[in-house]
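In what follows, a structure is listed as structure tokens, so that the remarks can point back to it.
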């Protein structure tokens with residue numbers, strides 16, 4: 001089994017300090033994960049886990065781990 005990690009700091013901020021209603025760079029994060037899933041459609045996904053931390057005094061961090069195996073072995 002293999003794992004692919006995706007992470008982003010300050011996911012709800014476009015630029016600067018204040019969070020925005022636009023979704024900030026979280027939208028790009030979502031796009032990045034979805035593109036990887038499409039490009040790796042030969043993978044069997046076993047688990048997708050997410051975690052988040054921070055956000056009070058420092059930037060928030062979002063982490064997604066995708067646990068998978070490739071068809072044919074690896």
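The values are calculated or read from the model by the stated rules, or taken from the named source; none is laboratory data. These numbers were taken from a predicted model, which means no experiment stands behind them. A quick note on method: Cβ atoms are made from the backbone with ideal geometry, for glycine too, and the neighbour counts reach across all protein chains shown.
I need the full set of residues from the range 34-59 which are more than 14 Å from the chain's Cα centre (by Cα) and part of a strand (DSSP E or B), in order please. Once the filter is applied, which keeps residues that are more than 14 Å from the chain's Cα centre (by Cα) and part of a strand (DSSP E or B), the range 34-59 yields 43, 44, 45, 46.
The set of residues in the range 60-74 being outside any strand (DSSP E or B) and over 16 Å from residue 1 (Cα atoms) consists of 60 alone. Residue 14 meets the conditions (1) within 12 Å of residue 61 (Cβ to Cβ); (2) modelled with pLDDT under 75 in every case but one. The failed one is (1). What about residue 49, is it more than 20 Å from residue 1 (Cα to Cα) and at pLDDT 85 or above? Against the criterion (more than 20 Å from residue 1 (Cα to Cα) and at pLDDT 85 or above), residue 49 does not qualify. Scanning the range 28-45 for residues that are touching a strand residue (DSSP E or B) at 6+ places or on another chain (Cβ under 9 Å), at pLDDT 85 or above and closer than 19 Å to residue 7 by Cα yields 29, 32, 33, 36, 37, 40, 45.
Of the residues that sit in the range 1-11 and are under 15 Å from residue 54 (Cβ atoms) and outside any loop (DSSP other than H, G, I, E, B), which one is modelled with the lowest pLDDT? Out of the qualifying residues, it is 9.
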